[in-house]
1. Would you point out which residue out of A:P160, A:P120 is more than 14 Å from chain C (Cβ to nearest Cβ) and surrounded by fewer than 24 Cβ atoms within 10 Å (Cβ to Cβ)?
2. For the subset of the range D:252-294 comprising residues that are among the hydroxyl-bearing types (S, T, Y) and surrounded by 22 or more Cβ atoms within 10 Å (Cβ to Cβ), which member is farthest from the other protein chains (Cβ to nearest Cβ)?
3. Given the residues D:L336, D:L306, D:L326, D:L312, which is the only one that is touching a residue at least 60 places away in the same chain (Cβ under 8 Å), within 21 Å of D:V7 (Cβ to Cβ) and within 14 Å of chain B (Cβ to nearest Cβ)?
4. Would you check which residues across the range A:86-106 are touching a helix residue (DSSP H, G or I) at 6+ places or on another chain (Cβ under 9 Å) and more than 20 Å from A:F328 (Cβ to Cβ) and list them?
5. Going by the structure shown, is D:E215 farther than 15 Å from D:S178 by Cα, buried (at least 21 other Cβ atoms within 10 Å of the Cβ) and out of contact with any helix residue (DSSP H, G or I) (no Cβ under 7 Å at 6 or more places or on another chain)?
6. Criterion first (out of contact with any His (no Cβ under 7 Å at 6 or more places or on another chain), among the acidic types (D, E) and surrounded by fewer than 24 Cβ atoms within 10 Å (Cβ to Cβ)) does D:D170 satisfy it?
7. Looking at D:V205 and the list (1) assigned to a loop (DSSP other than H, G, I, E, B); (2) surrounded by fewer than 21 Cβ atoms within 10 Å (Cβ to Cβ), which single condition is not satisfied?
8. What number of residues within the range B:222-243 are in contact (Cβ under 8 Å) with a residue 60 or more places away in the chain, within 23 Å of B:I313 (Cα to Cα) and not β-branched (V, I, T)?
There are 4 protein chains.
Amino acid sequence: MTFSAAVLGASGYAGGEIVRLLDEHPNFVVEYLGAHSREGEALGDVHPQLSGGLRQFGSNDVEDLPDVDIVFLGLPHGSSTDVGIALAESGARVVDLGSDFRMDSAARYQAAYGSGHPRPDVLADWVYGLPELFRDDIAGARLVASPGCYPTSALLATVPLCSAGVIRQDAITINALSGVSGAGRALREDLLFGSVDEGVRAYGVTKHRHRPEIEMGIEEATGSRALVTFTPHLVPMQRGILSTVTAPVVDGTTLGDIRSALADKYDSEPFVEVIDLPPQTRWVVGSNRALISPYLDERTGMAVVLSAIDNLIKGAAGQAVQAANLMFGIDETAGLPVAGWMP
Amino acid sequence: MTFSAAVLGASGYAGGEIVRLLDEHPNFVVEYLGAHSREGEALGDVHPQLSGGLRQFGSNDVEDLPDVDIVFLGLPHGSSTDVGIALAESGARVVDLGSDFRMDSAARYQAAYGSGHPRPDVLADWVYGLPELFRDDIAGARLVASPGCYPTSALLATVPLCSAGVIRQDAITINALSGVSGAGRALREDLLFGSVDEGVRAYGVTKHRHRPEIEMGIEEATGSRALVTFTPHLVPMQRGILSTVTAPVVDGTTLGDIRSALADKYDSEPFVEVIDLPPQTRWVVGSNRALISPYLDERTGMAVVLSAIDNLIKGAAGQAVQAANLMFGIDETAGLPVAGWMP
Amino acid sequence: MTFSAAVLGASGYAGGEIVRLLDEHPNFVVEYLGAHSREGEALGDVHPQLSGGLRQFGSNDVEDLPDVDIVFLGLPHGSSTDVGIALAESGARVVDLGSDFRMDSAARYQAAYGSGHPRPDVLADWVYGLPELFRDDIAGARLVASPGCYPTSALLATVPLCSAGVIRQDAITINALSGVSGAGRALREDLLFGSVDEGVRAYGVTKHRHRPEIEMGIEEATGSRALVTFTPHLVPMQRGILSTVTAPVVDGTTLGDIRSALADKYDSEPFVEVIDLPPQTRWVVGSNRALISPYLDERTGMAVVLSAIDNLIKGAAGQAVQAANLMFGIDETAGLPVAGWMP
Amino acid sequence: MTFSAAVLGASGYAGGEIVRLLDEHPNFVVEYLGAHSREGEALGDVHPQLSGGLRQFGSNDVEDLPDVDIVFLGLPHGSSTDVGIALAESGARVVDLGSDFRMDSAARYQAAYGSGHPRPDVLADWVYGLPELFRDDIAGARLVASPGCYPTSALLATVPLCSAGVIRQDAITINALSGVSGAGRALREDLLFGSVDEGVRAYGVTKHRHRPEIEMGIEEATGSRALVTFTPHLVPMQRGILSTVTAPVVDGTTLGDIRSALADKYDSEPFVEVIDLPPQTRWVVGSNRALISPYLDERTGMAVVLSAIDNLIKGAAGQAVQAANLMFGIDETAGLPVAGWMP
């Protein structure tokens, strides 16, 4: 069974990865590539690493789209709203990799992005596309908002522990380390090689827009309020996110309890593995895998949980394809690499 | 149709890539993994990026091998001779990624490696496995010696021009830049991150062991003597080789002549592409592709030809699988990625 | 005024930096270089970046030392004890960059290193060499134990806040990111370029040996118990440490209170600067500076304090020289760079 | 003796290094910093690694300059002409790090830059500032055009061999590898971390604008025509240039002849060292040193000469200060580091 797909915003890093994954996918055929500033250019000029480089970018306009079974949106923040609504009304299936439809309420959107959502009435139409936590919702959905890379990494590590009641979800500290591709392909001086190589920095301290999304994920999964202190860091590498979660355990919790909570949740998952040594991002880069490793500091009563993903695959393009697989009822792992690249 | 495979020396970088490619290949199934110092360990402990990590390494001994259709050898220099001969006598198909059987004569082996070949009588049994240059030989072979990474990159760029008589093959200069994985996984102080990062160096100047192999390839393809001044360089990146070939053109040669010679040779090749801007190694890393771009400096009468590959794929594991595809008469491109990873 | 110096363990990274700093110092002259496995080699073969490369390494044995005014020890863990005691008895001034004399009690040493200290009776003879916190002690000392790189970065960020009573020192979380030189020059597979480049990892989770040293520093400065959950991470760069401290603030604390506590402590310090944007390690690499930047997450009641140093300079060699300057009563900033290298 | 200095174009990478070197120089005091787009900003906002960050940038206009003893120009190509001429007429000493006054003729300028020089009549007023080759001219000069980074590296390796008549200067091949800072601080997509990291590429093939400058240097030193095929490459590191020169030797030349030619030229030079193993850029980064190592491939009759410098120091800011030292008759090595940074 083969389904036709369009990718809008295909000139970015995540968009390129969607094209690569779909090109190798047994059930999807890419029929349209949309771009904004690169409209009219050949795929090979924008993504020289891809095959089929003669394919040309059309626009990102909905009216230019051919009739396809699914549309993937890899547009900048705020650019998906109109397109997503138009596509929703047209009856298409959509996976939006952007942030426009991720929040479950106007208030949360305001908290994350500092301005009101232009169409809060449609937010309830979209399902949050993290398969390991909301699989059934996704399988029945026509409109999916795919999670951000930091939230994916953070929620996989925290939700099972919050659900099991072994950590205090009102005092979670998350320090995340991200490769530079997480910032996208924008032309910014602070993303020059000369600005990034051989250095690390924190950014968005106390106010990164992914923090409300992380809290939302925990709250939706547990029904209780979450409080997260989130500090992302930029690290001189292309890909990968490592999230280090530190949270007080509930009295009496053992490392065994923590491990059990994670194992119960993930033992049958194809893409999440709980291991007992610190996961390296290199072990997952190139794959759709997530590796999670829990520790307990008995002196301080703190759980330390490490979580590693490839930000462009499990944190973006791979997760979007995983959701699409669910939406079409095909094998959830179809077309998704489980082996990565090293070195 | 499915064939069973064994990989000896599977704990190294090239060995790991063979396993990854074969695991995703529609026609091969890995039935045995051999290693020396890592014998008895689990695949996942040695190559945490691979799937099926519970598979265990056996030894590299021929007697431990199950009966398989093909054996890939990823052993250190000098370690393939006995194994290769034993396997040859057993009737197995073999692709050796090492250097033991690449040379066509004892003299050339001596020139390259500084010592006599222990069994020069068997050298003629092995075919040099560069499909774009020796495809028919490989298709009919049972024993293939897969080329080195530098020779692959250099020969793809030079042989068509030598064959067409447009450059002087007795005055070729090759400067090659290699990622660090080309040096393998050995524990050497000069390969520490602290020794490699943020620096470049030449090595093996005037005496690198791949130079005789490059000259052999040109001579076998053209029947005339080749003289190459070869200077390899180590560059702070994991993968990729860029070879910059500089050679005097034969009087009257135009850039058009040079381009035609390359185009005639490669237009129908699935993995080699002739382009008209300088190829970046990032455009081929992760794929089995080679990109070649020719220039002519009319002031100096020098052709400058640039050639980029992934040293672990087209320069090692991918090329070995490509040869195996030919040996079994299956689609030459089966299981071989043409799209790479970027960023 | 010029003082003669010897450097034992001069073949390591920190040792090389001591030699470089002393060579450019107006008041010290290096008269002896000691090494263990590199004994007999020329300085230029071990540290090709240094000048005066013809100088030869002697041994690390005390009996081979000439009579000098000060001895810097850059020896591996556990190797300083005998040498330090012998030098102490000889009346020499000593700055030990190792860990043998840092702890103020046998119990703390046991907690950090998992074994008893061979000579706990001498621990009280050594002063902990962090000038910004213990300047007067150092100025009057003959024996100084120079702090570790992580503790330097962590203590500069936390002690003023603990002393001012604005954060809860029994619930401090520190996530630190370190360049690879922090692991020294040892030949370990996990420090190969192929193992480090393009990836991040945590290590020593819940049990890194620098954690007790951090707690000791806070406790000595405040007289109250400290509890720190410490997670160090290895990042693909040569130099630099960024510590991200997260701790609950005491009720009613404002960001202004936090900034004041830091400013009061550091306004007149030559090497510590409190800034109001996230410090990058690149801004301090090459210098003896520390940059500190505080934040307050009012939603969660957590202070987030960022602290950046060059691990080999302010975290090792520079700090040792700074202590030596104090010990000899010369200008504390003599010979210490305040401008770094970028790019 | 202290001289006052101004630096125009001080916001770029080379400009920042000039400020750093002059701040630490015993004989110069920086009295003015000029910038174009960063005019009005504080030094610390533009170069956070430098000390004295509160100093403010003025404009790059000559009329805003205070009366100083020397002006360093770090302006983009083409921007120095008017400023340089105005300063020359004002009687100031000037060292221009740009390319406007390097060429000795309008024809050569046209060949390099593709357009006519706006004021060819003034070219003869400027001296080419490579001290090891044109020391006496510089010592007597008021106006110095400081060499490009590639020419510095290439000329130090080739001129002594051309002058000694041991290589054929009409058939020189130079492959150079450069760190990214050589491209300056411009906001270009191909200089993003995501475009540079983990890859190499050639650029400017057969037409880089530094090739005519290299040929000019050889021709001025030898009086004979030079023909150079020059291929520069971009490498994923911040600093450093390695030039690999390959050229046919004149019949009968031995490696001893080559070494002698280099030794005779450089034995008494404070910043150039001839060594007998391949120089690594890491050995010179941070210093004003150049390392040169010659080889002879007797089979092919080719000399291979390797030459390493820090492109921002010996290839730019350090060389400019070295020239200024000569112009003022102070110690040529004053304020110039001979020890570098590693790791």
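1. On the way: A:P160 fails: surrounded by fewer than 24 Cβ atoms within 10 Å (Cβ to Cβ).
Just a single option satisfies the conditions, and that option is A:P120.
2. Taking the range D:252-294 and keeping what is among the hydroxyl-bearing types (S, T, Y), we get D:253-254, D:260, D:266, D:268, D:281, D:287, D:293.
Checking which are surrounded by 22 or more Cβ atoms within 10 Å (Cβ to Cβ) leaves us with D:281, D:287.
Working: D:T281: 5, D:S287: 7 Å.
Among them, the one singled out is D:S287.
3. Matching residue, one of D:L336, D:L306, D:L326, D:L312: D:L312.
4. Correct list: A:A86, A:G98, A:S99, A:D100, A:R102, A:M103, A:D104, A:S105, A:A106.
5. Values: farther than 15 Å from D:S178 by Cα: yes; buried (at least 21 other Cβ atoms within 10 Å of the Cβ): yes; out of contact with any helix residue (DSSP H, G or I) (no Cβ under 7 Å at 6 or more places or on another chain): yes.
Yes, satisfied.
6. Yes, satisfied.
7. Here D:V205 meets the rest and fails (2).
8. 6
No value in this document is a laboratory result; all are computed from the given coordinates. On a predicted model such as this, the values are computed, not experimentally measured, just so you know. In this analysis, Cβ positions are derived from the backbone assuming ideal geometry, glycine residues included, and neighbour counts consider all displayed protein chains.
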